[in-house]
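A.B. asks: Following this message is one structure expressed as structure tokens.
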Amino acid sequence: MKKGTLLLLMFALALQGQAQGLKDVFKKDFLMGVSLNPRNVRNAAEQDLIRKEFNSVTCENAMKPGPLHPSPGVWKWEEADRIANFCRENGIKMRGHCLVWHNQFADWMFYDESGNPVDKETFYVRLKDHIQTVMNRYKDVIYAWDVVNEAMSDGGDNPYRNSKLYQLCGDEFIAKAFQFAREADPNAILFYNDYNECDRRKSRNIYNMVLKMRANGVPIDGIGMQGHYNIYKPTVEELDAALALYAPLVEHIHVTELDVRVNQEMGGQLRFSTDGAALSDSIQALHTQQYERLFKTFQKYGDKIDCVTFWNLHDGCSWLGERNHPLLFDKNLQPKPAYYRLVGK
Ligand code: XIL
């Protein structure tokens, strides 16, 4: 064999060995992320899939205040550490999720030892300790944090969610949380994260809140759009309107929790149907088309969007249940038609 032919053959073989994943296909646009549970990083096949496809990881639950810090002075680091160590070993960056949320929160922070409500100053001392302890532990591997999650309401006159946090502190808890976070790690990109950003009322309320906070010097660097969508909604126009609204306001937009379920529900509410729909050819086609439309719109805002994260690795471990068929990989880790459409095969 001639030397030139041999070199060509070796080059072709090397290319084949380096299978292209989502992270390579979208390299010019954004990081490709996935949320993980600790079982994902114990399973060899799932580890391979993560390494091939993704270059950003979020803990699905392990870094939330409730699971991590269930009572005063008690820290459960094991699961968060397991996922963080997998990322450290594999050179994968992490998004931290989340420091303040009305669900899965460390509700003990609201009460004293006798069970009486504490004042907001006491609450802030506890919150600051929580935020700074967690951020310091993972500073080396986490580049962005969802500091406040879902503080805005889904309807009614009050733009803010009437949570325990809001009842005690008004909207000041948002400002405090971001200030504590900035103090802990001046290099981390700090996000306000929420769902149903394609609902005009809600996106406008999110916009107004972030605008007001930033005008007051609150260090909000970015808006996280959760992206719990379905095969019908949002339309391109709805998604584009939300992105056009947010893009001039903040330095960064992340799509933080993407999935596309096959029924008509959407959003981050924890009450939903796990029934989904039978995966007929026409439903599968809508699923594929919706992912294609979403990614085209994300790419249009590629200068502003720097990470797109799927909420869970495959349908078998989706928080929505496998009958909602929301992800790019089925429960056997096999790529679905939507995957092939996105990677252009
Ligand atoms: C979900 C997890 O996926 C579930 O395992 C858990 O039981 C509840 O929380 N919005 C968010 C995420 O910001 O933290 C939620 O994650 C999904 C909705």
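The values are calculated or read from the model by the stated rules, or taken from the named source; none is laboratory data. It should be emphasised that the depicted structure is a prediction, and the values quoted were computed from it without experimental measurement. Here the Cβ positions follow ideal geometry from the backbone for every residue, glycine too, while neighbour counts run over all protein chains shown.
A.B. asks: Within the range 87-107, which residues are within 16 Å of the ligand (Cβ to nearest atom), charged (D, E, K, R) and in contact with a strand residue (DSSP E or B) (Cβ under 8 Å, 6 or more places away or on another chain)? Reasoning before the result, please.
C.D. replies: Residues of the range 87-107 that are within 16 Å of the ligand (Cβ to nearest atom), as a first pass: 94-107.
So of that shortlist, the ones also charged (D, E, K, R) come out as 95, 107.
Result: 95, single match.
A.B. asks: Still on this structure: Sort out which residues of the range 210-262 are among the polar types (S, T, N, Q) and more than 15 Å from the ligand (Cβ to nearest atom), and write them in order of number.
C.D. replies: Residues of the range 210-262 that are among the polar types (S, T, N, Q), as a first pass: 216, 226, 230, 235, 256.
Selection gives 216, 235.
A.B. asks: Test of understanding: among 153, 163, which residue is in contact (Cβ under 8 Å) with a residue 24 or more places away in the chain, touching a His at 6+ places or on another chain (Cβ under 6 Å) and surrounded by fewer than 23 Cβ atoms within 10 Å (Cβ to Cβ)?
C.D. replies: Working: 153 fails: touching a His at 6+ places or on another chain (Cβ under 6 Å).
The match here is 163.
A.B. asks: In the range 87-111, what residues are assigned to a strand (DSSP E or B) and crowded, with 20+ Cβ neighbours inside 10 Å?
C.D. replies: Looking only at the range 87-111, we keep the residues that are assigned to a strand (DSSP E or B), and these are 93-100, 111.
Matches in the range 87-111: 94, 95, 96, 97, 98, 99, 100.
A.B. asks: Here's something else I'd like to know. Evaluate the following for residue 333: is it surrounded by 15 or more Cβ atoms within 10 Å (Cβ to Cβ), of a type in the set (A, V, I, L, M), closer than 14 Å to residue 229 by Cα and touching a residue at least 24 places away in the same chain (Cβ under 8 Å)?
C.D. replies: Working: surrounded by 15 or more Cβ atoms within 10 Å (Cβ to Cβ): yes; of a type in the set (A, V, I, L, M): yes; closer than 14 Å to residue 229 by Cα: no; touching a residue at least 24 places away in the same chain (Cβ under 8 Å): yes.
The answer is no for residue 333.
A.B. asks: Something else: Taking the range 51-86 as the search range and keeping residues that are crowded, with 22+ Cβ neighbours inside 10 Å and part of a helix (DSSP H, G or I), which one is nearest to the ligand (Cβ to nearest atom)?
C.D. replies: If we take residues in the range 51-86 being crowded, with 22+ Cβ neighbours inside 10 Å and part of a helix (DSSP H, G or I), then 65 is nearest to the ligand (Cβ to nearest atom).
A.B. asks: Tell me which of these residue 20 doesn't satisfy, since it passes every other one: (1) modelled with pLDDT of 95 or more; (2) surrounded by 14 or more Cβ atoms within 10 Å (Cβ to Cβ); (3) assigned to a loop (DSSP other than H, G, I, E, B).
C.D. replies: Only one criterion is unmet by residue 20, namely (1).
A.B. asks: Looking at the range 266-299, which of the residues that are surrounded by 19 or more Cβ atoms within 10 Å (Cβ to Cβ) and of a type in the set (Phe, Trp, Tyr) is farthest from the ligand (Cβ to nearest atom)?
C.D. replies: My answer is 295.
A.B. asks: A follow-up question, please. Please specify each residue of the range 28-50 satisfying the condition of being of a type in the set (Asp, Glu) and outside any loop (DSSP other than H, G, I, E, B).
C.D. replies: Our first condition is that a residue be of a type in the set (Asp, Glu); within the range 28-50, this holds for 29, 46, 48.
Of everything in the range 28-50, those that are of a type in the set (Asp, Glu) and outside any loop (DSSP other than H, G, I, E, B) turn out to be 46, 48.
A.B. asks: Find the residue count for the range 112-140, including only residues that are within 19 Å of the chain's Cα centre (by Cα) and either crowded, with 18+ Cβ neighbours inside 10 Å or within 16 Å of the ligand (Cβ to nearest atom) (or both).
C.D. replies: 4
A.B. asks: Looking at the range 310-328, I want the residues that are at positive phi and have a partner that is of a type in the set (Lys, Arg) with Cβ atoms under 8 Å, at least 6 apart or on another chain. Which pairs are those?
C.D. replies: That search, which allows pairs on different chains as well, returns 325/261; 325/336.
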